[in-house]
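Participant: Structure below; questions to follow.
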Amino acid sequence: MGEAIVITSGKGGVGKTTTSANLGTALAILGKRVCLVDTDIGLRNLDVVMGLENRIIYDLVDVVEGRCKMHQALVKDKRFDDLLYLMPAAQTSDKTAVAPEQIKNMVQELKQEFDYVIIDCPAGIEQGYKNAVSGADKAIVVTTPEISAVRDADRIIGLLEQEENIEPPRLVVNRIRNHLMKNGDTMDIDEIVQHLSIDLLGIVADDDEVIKASNHGEPIAMDPKNRASIAYRNIARRILGESVPLQVLEEQNKGMMAKIKSFFGVRS
Amino acid sequence: MSVQWGIELLKSAGLFFLHPLFWFFIIITLAFGYVRIKRERKTFHTRIADIYDDLKFTYTKGLIPGLLLSVILGGLGISIPLGLLAIIAVITAAAAFTLRANWMSAAYIVSVSMLIGFGLQIYQAEPFLERFPQGFAVVWPAVAVFLGLLIITEGAVAYRSAHVRTSPALVVSSRGLPIGQQLANRVWLLPLFLLVPGNGLESHLSWWPVFTVPGGSFHFLWIPYFVGFGQRVQGSLPETSIRITAKRVCILGLAVAVLGAASLLWTPLAGAAVCTALLGRIFLSIKQRVNDNAAPFYFSKRDQGLMVLGIIPNTPAEDLELKIGEIITKVNGIPVKNVSDFYEALQHNRAYVKLEIIGLNGEIRFDQRASYEGEHHELGILFVKDDREDEAVASGS
């Protein structure tokens, strides 16, 4: 039986959907059977990021309301043989169209067939969040280095820790801009982890290629050379139990003065 | 007149960078670094700091103390004849060849130079004395005060920076147990601005120079003076032990300077100052070594965890602000007793490391940090460990 992982954050726009898509893709690349579940009812996006929007016939609401069988709603990603599937969200309904218990039962059923069920959680802490969390065994909290995102992540962690069936959540810090971090304009990794007091699962540098890839419906994790792709693949490997160090963030080239300063032990 | 003084000052500044010792010590400090690295590699299979680390210390840490000392020497108007400076340079170079920084203490170098100079004066070594302007006109009280001030400066510089980045070493105790040591082997460049008797400038002030300049006229000389401090520590933290010795060196310097000043009234006291410096410094070295040997080993294996013996610069350990002498009890929540435990515990989460540490104050603290690819596999920490542990780690047991 597989395990269900909910990808959540509290704040919108931090990269939950991107993380879900790329994590699912990375796990599939590593040979695992993965089902991506979009629980953002009314505002579905995961299908677009995966490039599967034109192949949706049924959706999650159809499944829970019994209008179709589960395998009819699942959209197979042909790029990964029989390894990656998507359960799309409904675009017409709203978040109250399904109850947490229904999602839980559906996820339970998916876990019989898949190694990993990745649940993309909507923003906020209302009904959509409760639905997404209901069927999960594990949780990944996504944040960016902005204080507002970290504060919302802190709130979500508090809620997740109250859930009895979910293991202690793990953290992914997304869209890191190294020069801002170096200059102290955003929180650095250690500050974020110390503030949130949860285990760090991975970090992903901010990269324009991620946006371009999402717009083309090809998750960046498919590109073996891209830095963000390597970061997502490393996160996937850590989920599988491997011990992988963090990727080194891009260093700016040192100027002559900086080199002289560092020779004499002066920290700039 | 002011133009003449300005030209003299510029000339002396230019000569500073042409001084053979300035360049000789670049080679010597690289040799210091080379010997240190060879020893560290033999013991720990890695170097701690790079070969230029000693060079950075030599050519940066003594600049401000050297300039302050120059101001004091200039204020007192202490003049050192070229002949004596030449002897000091030769003795400094000879001591440097031993690659033992403790032999480069001003107490040894200047004292021995003074004794040689005194001997040359007594035995009228004309061929040598005639090579220098003003013959070999030494005002011994002035040189004795100069010696005292140099020793005080040596102590002050050692107090400030000799304990920084000491080099760890491992030895085997009489019971066959591995014991950690810290070796401080530091040399500092003091840029000294001196008055040298000879044709050139004359003072128009009645109260300056305080000490008589032979012949009445003098010129300026800016010389690179190298002072050394060496100490082995195994019975306490390097900072504690080195600072105690450095304080004692300062007190010795003060005593020598007082004797030197008193020799203005009775010249033979300059000889007493030299003997005090020489014997006092030897006594301080022996006293430190005896006390250190008598103390229980500080860097030995501990039951509660792993003691930090060394920290490699620019590694996670430095970022975590770990200190030499701290004890790591847990890594990623796993208790560690030996190096293989430590290494295995690090593998549990290679993306992030959490340490539980007993600090130097005896309090437990927690440190954590993200771990990046390419970083030191043991965070850049060197431990007191047995060779048998290395074999165990290598065999994967």
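Any read-out appearing in this document is the output of simple, stated calculations on the displayed coordinates, not a laboratory observation. Only a predicted model underlies this, so the values are computations on that prediction, with no experimental measurement involved. Because the Cβ atoms are built from the backbone with ideal geometry, glycine has one as well, and the counts that use them run over all protein chains shown.
Participant: Angle, helix B:106-122 long axis vs. longest principal axis of chain B, Cα atoms, 0 to 90°, nearest 10?
Facilitator: For B:106-122 against chain B, the angle is about 30 degrees.
Participant: Could I ask something else about it? Based on other C-beta atoms within 10 Å, arrange A:Tyr232, B:Tyr225, B:Tyr34, B:Tyr352 from fewest to most.
Facilitator: Details: A:Tyr232 28, B:Tyr225 25, B:Tyr34 13, B:Tyr352 22.
Ascending number of Cβ neighbours within 10 Å: B:Tyr34, B:Tyr352, B:Tyr225, A:Tyr232.
Participant: Against the longest principal axis of chain B, how steep is helix B:82-96, in degrees 0 to 90 to the nearest 10, with axes from Cα atoms?
Facilitator: Value to nearest ten degrees: 20.
Participant: Taking the Cβ of A:Met1 as the centre, find all other residues whose Cβ is under 13 Å away and add up their charges (Lys, Arg: +1; Asp, Glu: -1).
Facilitator: On the way: positive: A:Arg33, A:Lys111; negative: A:Glu3, A:Glu109, A:Glu113, A:Asp115, A:Asp137.
Residues near A:Met1 contribute -3 overall.
Participant: Rounded to the nearest 500, what is chain B's calculated 222 nm mean residue ellipticity when only DSSP H runs of at least 4 contribute -39500 (n - 2.57) each, over all residues? Before the final figure, lay out each step's value.
Facilitator: Details: 13 runs with 196 residues, N = 397.
Result for chain B: -16000 deg cm²/dmol, rounded to the nearest 500.
Participant: Give me the net charge of B:Phe283's neighbourhood, meaning all other residues with Cβ under 15 Å from the Cβ of B:Phe283; Lys, Arg count +1, Asp, Glu -1. Provide the component values of the computation, followed by the final result.
Facilitator: Numbers: positive: B:Lys247, B:Arg248, B:Arg281, B:Lys287, B:Arg289; negative: B:Asp292.
That sum, taken over residues with Cβ under 15 Å, equals +4.
Participant: Just A:Val64, A:Val248, A:Val210 to compare: in a GNM of chain A, with alpha carbon springs under 10 Å, which one fluctuates most?
Facilitator: In this elastic network of chain A, the residue with the biggest mean-square fluctuation among A:Val64, A:Val248, A:Val210 is A:Val248.
Participant: For Cα pairs less than 8 Å apart in space and 6+ apart in sequence, what is the mean separation divided by the residue count of the range B:261-378, i.e. the relative contact order in percent?
Facilitator: Details: 139 pairs, mean separation 21.4, N = 118.
Computed over the range B:261-378, the figure is 18 percent.
Participant: Can I ask one more? If you put +1 on each Lys and Arg Cβ and -1 on each Asp and Glu Cβ, how big is the dipole of the protein assembly as shown around its Cα centre, in Debye rounded to 20? Spell out each step's value before the answer.
Facilitator: On the way: 65 positive and 69 negative charges, 556 e Å.
Magnitude of the dipole: close to 2660 debye.
Participant: Which pairs, out of A:Lys225/B:Lys56; B:Lys56/B:Lys354; A:Lys16/A:Lys182; A:Lys16/A:Lys76; A:Lys11/A:Lys111; A:Lys182/A:Lys225, put more than 31 Å between their alpha-carbon atoms?
Facilitator: On the way: A:Lys225/B:Lys56 40 Å; B:Lys56/B:Lys354 33 Å; A:Lys16/A:Lys182 25 Å; A:Lys16/A:Lys76 21 Å; A:Lys11/A:Lys111 28 Å; A:Lys182/A:Lys225 25 Å.
Table pairs above 31 Å Cα-Cα are A:Lys225/B:Lys56; B:Lys56/B:Lys354.
Participant: Rounded, prolate or oblate: which fits the protein assembly as shown, taking a ≥ b ≥ c as square roots of the Cα gyration tensor eigenvalues, rounded meaning a/c under 1.5, else prolate when a/b beats b/c? Please report the intermediate quantities before stating the final value.
Facilitator: Details: a/c = 3.85, a/b = 2.72, b/c = 1.42.
Verdict is prolate for the protein assembly as shown.
Participant: Let me ask you something else. Can you sort B:Phe299, B:Phe97, B:Phe16 from fewest to most other Cβ atoms within 10 Å of each residue's own Cβ? If you can, show how the numbers build up before the last one.
Facilitator: Numbers: B:Phe299 28, B:Phe97 11, B:Phe16 16.
So the ranking, lowest neighbour count to highest, is B:Phe97, B:Phe16, B:Phe299.
Participant: According to a simple spin-label model (label point 7 Å from Cα along Cα-to-Cβ), what is the distance in nm between A:Asp185 and B:His348?
Facilitator: Each label point is offset 7 Å from its Cα along the Cβ direction, giving 3.9 nm.
Participant: Going out from 0 in 10 Å bins, what whole percent of all Cα-Cα distances in the range A:1-261 drops into each bin?
Facilitator: P(r) over the range A:1-261, rounded to whole percents: 7, 32, 36, 17, 5, 2, 0, 0.
Participant: Once you list every other residue whose beta carbon is under 11 Å from the beta carbon of B:Val157, what net charge do they have if Lys and Arg are +1 and Asp and Glu are -1? If you can, show how the numbers build up before the last one.
Facilitator: Numbers: positive: B:Lys61, B:Arg160, B:Arg186; negative: B:Glu154.
Counting the neighbours of B:Val157, the net charge comes to +2.
Participant: Moving on to the next point. How far apart, in nm, are two points set 7 Å out from the Cα along the Cα-to-Cβ line at B:Arg39 and at A:Val48?
Facilitator: A separation of 6.7 nm, rounded to one decimal place.
Participant: Now for a different question. Just A:Glu53, A:Glu242, A:Glu167 to compare: in a GNM of chain A, with alpha carbon springs under 10 Å, which one fluctuates most?
Facilitator: A:Glu242
Participant: Also, quick follow-up: For the range B:243-319, run through the trypsin sites (Lys or Arg not before Pro) and keep only the ones in DSSP coil with at most 16 other Cβ atoms within 10 Å of their Cβ.
Facilitator: For trypsin sites (Lys or Arg not before Pro) across the range B:243-319 that sit outside H, G, I, E and B with at most 16 neighbouring Cβ atoms in 10 Å, the list reads B:Arg302.
Participant: Below 8 Å, C-alpha to C-alpha, sequence gap of six or more: please give me the relative contact order for chain A in percent.
Facilitator: Contact order relative to length: 24 percent.
Participant: For B:Asn293 and B:Ile251, what does the FRET efficiency come to when R0 = 22 Å and r is the distance between their Cβ atoms, rounded to the nearest 0.05?
Facilitator: On the way: r = 23 Å, r/R0 = 1.03.
For B:Asn293 and B:Ile251, the calculated efficiency is 0.45.
Participant: Work out, step by step, the length gained on full extension between B:Ala86 and B:Leu63: first 0.36 nm times the residue separation, then minus their alpha carbon distance; give nm to one decimal. Don't skip to the end; give the middle numbers.
Facilitator: Working: separation 23, 0.36 × 23 = 8.28 nm, distance 2.18 nm.
Here the segment from B:Ala86 to B:Leu63 would lengthen by 6.1 nm.
Participant: Please give the average number of partner chain Cβ atoms lying within 10 Å of the Cβ of each residue in B:364-374, rounded to a whole number. Could the numbers behind the result be given before it?
Facilitator: Numbers: counts 0, 0, 1, 2, 5, 5, 11, 5, 7, 7, 3.
Partner-chain Cβ atoms within 10 Å, mean over residues of B:364-374: 4.
Participant: Would you be so kind as to identify which of B:Leu265, B:Ile381, B:Phe32 lies farthest towards the positive end of the dipole of chain B, taking Lys and Arg as +1 and Asp and Glu as -1 on Cβ and the Cα centre as origin?
Facilitator: B:Leu265
Participant: If you put +1 on each Lys and Arg Cβ and -1 on each Asp and Glu Cβ, how big is the dipole of chain B around its Cα centre, in Debye rounded to 20? All intermediate terms of the calculation are to be shown ahead of the outcome.
Facilitator: Numbers: 33 positive and 29 negative charges, 118 e Å.
Roughly 560 debye for chain B.
Participant: Post the alpha-carbon centroid distance, the range B:253-283 to the range A:180-243, in whole angstrom.
Facilitator: The range B:253-283 and the range A:180-243 have Cα centres spaced 68 Å from each other.
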